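Here the structure is laid out as structure tokens; the discussion comes afterwards.
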Amino acid sequence: MTDHRDAVLSLWGRQLYERQSEPLAWAEAVLEATGRPPTAVTAAMSGRLGALSGSPSDRADLLFRTVAKLAANLRGDGQYDADVGTRIGPLALRLGELEPALAGPLGDALGHLPDGPASLVTVHAAELSGNRTLRLRAIDALLEWAELGHPQARAALSEVASDHRTQDVTVWTKALNRIALFGDASVEPGLLRALADTGHRGVRWSALACAELGFRRAVPLVTALLEHPDPMVREGACEALGLFEERSAVPALTARLNDETSWVRSRAALALGQIGGDRALAALWEAMMERRNPKAGHLASAIATFGPPVVDDLIALTTDPDPDLRALACRALGSTADDWALPVLERLAAHDLARTTLGGLVATAAKQGLRTAHRIRARTAST
């Protein structure tokens, strides 16, 4: 067992139940192993809780009632929790601890005791070589065990992450999405190989996994992915470079501000905001001023991440003759939640009735900025 005993038992109970091809027969065998009268077993298997009302209340009462709920559900007569069957194993195990004489019979009836989760993890690791249904079930289970801190599960997941060529792409990307659970220096060579395989469908996740683990040798390969034909890959490369806070990537990310795909442009702007620095800010500011597009809210939001240093310039922009730029300035000022921004936004919300090229009022953008600022300030105050 682990220090997370309750969580381990809950996970074990679910996996144990999911393995039963005949769940009612299995549940009945568990009840029979308790040594309680056959009439009590029959009453529980009827699926009617009322039939158990005359049974003596003892340590097995909750187990019997749980089986009765399962029987009702499976026979279509009950509307109890869908996971009621997953509680049978833990309850039976607890009964065996309270009445040691029952531990053996209950263990035989359960069929798979949690003798430390290692045996289950071994099974799941082997299932990664099975059919697709088994592989997907196995990777989900291994991730859950890894979250509970099981070292064997983490080792199995490291093997998955280390060789993309032998893995189902869905299994592989599921593992990489949770790379922080198990990733360490041992997976770096495999992730770099995967990152260099630009034709692989999981290359986007390779970039993000390398960034999350801080493998800086990946930076040149990730930067090259900004030119990938797949916009999802380009977007992932932008996100990864933002996580790296890689200043050498500012010119390449600046080029992506003109990407043909809107979400790539947005992610590139966000990455520049994460990276920070004068060059990144200048690129964002220049793009916003050149574009003068009220839809360029991603640029305004990214500029806002620079905080107090940009507030004065944004306030000055609220006096620009162009309504589109004033509206963008309102968006950015709201995201800064700066003290100096609030009176400016209040004034514009009350008086600036000019319309942007999309037909919206600058006053409306100012009101939206105010709502954003108040949300941010309330959230900050509550932490």
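The values are calculated or read from the model by the stated rules, or taken from the named source; none is laboratory data. Since we're looking at a predicted model, the values are computed, not measured. Because the Cβ atoms are built from the backbone with ideal geometry, glycine has one as well, and the counts that use them run over all protein chains shown. We work out accessible area using only protein heavy atoms, side chains counted, and drop any ligands, DNA or RNA first. Shrake-Rupley method; radii C 1.70, N 1.55, O 1.52, S 1.80 Å.
Here the accessible area is traced with a 1.4 Å probe on the protein chains. For the stretch 251-383, carbon and sulfur cover 53 percent of it. Taking a Cβ cut-off of under 14 Å around His298, the surrounding Lys, Arg, Asp and Glu residues balance to a net charge of +3, with basic ones at +1 and acidic ones at -1. Note on the stretch 229-302: semi-axes of the ellipsoid equivalent to its C-alpha gyration tensor, largest first and rounded to whole Å, are 17, 15, 9. Considering only alpha-carbon pairs that sit under 8 angstrom and 6 or more positions apart, the relative contact order computed for the chain is 8 percent. Rolling a 1.4 Å probe over the protein chains gives His164 an accessible area of about 10 Å². Within the assembled protein chains, the solvent-accessible surface assigned to Thr380 is about 90 Å², based on a 1.4 Å probe. Were the residues from His351 through Ala316 laid out at 0.36 nm apart, the gain over their Cα-Cα distance would be 10.9 nm. In the assembled protein chains, Met288 presents an accessible area of approximately 0 Å² (probe radius 1.4 Å). GNM on the chain, alpha-carbon springs under 10 angstrom: the most fluctuating residue among Asp259, Asp77, Asp338 is Asp77. Give the residue list of trypsin sites (Lys or Arg not before Pro) in the stretch 19-83 that are DSSP loop and have at most 15 other beta-carbon atoms within 10 angstrom. Hits after loop and neighbour filter: Arg19, Arg48, Arg59, Arg75. List the pair-distance distribution P(r) of the stretch 322-362, using every Cα-Cα distance, as the percent of pairs falling in each 10 Å bin from 0 up to the bin containing the longest distance, rounded to whole percents. Taking every Cα pair in the stretch 322-362, the percentages come to 32, 55, 14.
About the centre of its Cα atoms, the stretch 179-240 shows a dipole size close to 100 debye [charges on the beta carbon of Lys, Arg (+1) and Asp, Glu (-1) only; nearest 20 debye]. Solvent-accessible area per residue in the stretch 129-196 equals 43 Å², computed with a 1.4 angstrom probe and all protein chains kept.
Specify the residue with the greatest mean-square fluctuation among Ala300, Ala185, Ala237, computed from a Gaussian network of the chain linking alpha-carbon atoms under 10 Å apart. Maximum fluctuation in the GNM of the chain, among the listed residues, is at Ala185. Mean-square fluctuations from a GNM of the chain, with a 10 angstrom spring cutoff on Cα atoms, peak among Thr254, Thr39, Thr198 at Thr39.
Tell me the relative contact order for the stretch 175-288 as a rounded percent, counting alpha carbon contacts under 8 Å between residues six or more apart. Relative contact order here is 20 percent. All other residues whose Cβ lies under 13 angstrom from that of Leu98 are scored, Lys and Arg at +1 and Asp and Glu at -1, for a net of -2. Annotation for Gln79 and Asp58: the two label points, set 7 Å from Cα along the Cα-Cβ direction, are 3.5 nm apart.
Summed over all non-identical Cα pairs, the Kirkwood treatment of the stretch 12-161 gives a radius of 16.5 Å. Each label was represented as a point 7 Å from its Cα along the Cα-to-Cβ direction; for Gln20 and Ala378 these points are 4.7 nm apart. For the stretch 12-90, the relative contact order works out to 39 percent when only alpha carbon pairs closer than 8 Å and six or more residues apart are counted.
Both radii are taken from the alpha-carbon atoms of the stretch 152-199; with Rh as the Kirkwood radius, Rg/Rh is 0.93. Volume per residue for the stretch 21-96 equals 83 cubic angstrom (convex hull of Cα atoms). Projecting the Cα atoms of Ala68, Ala146, Ala29 onto the charge dipole of the chain, computed from C-beta unit charges around the Cα centre, puts Ala68 farthest toward the positive end. Of the residues Leu370, Leu361, ranked by 1.4 Å probe accessible area with the largest first, the sequence reads Leu361, Leu370.
Across q = 0.21 Å⁻¹, the stretch 185-314 modelled as identical point scatterers on its alpha-carbon atoms has Debye log10 I(q)/I(0) values of -1.11, in the order of the q list.
Starting from 0.36 nm per residue, how many nanometres of slack lie between Arg94 and Arg216 once their C-alpha separation is accounted for?
Values: separation 122, 0.36 × 122 = 43.92 nm, distance 4.89 nm.
Gain on stretching Arg94 to Arg216: 39.0 nm.
Normalising by residue count, the chain has a Cα convex hull of 201 Å³ per residue.
Taking all protein chains together, Ile315, Ile303 sort by accessible area into Ile315, Ile303, largest first [probe 1.4 Å].
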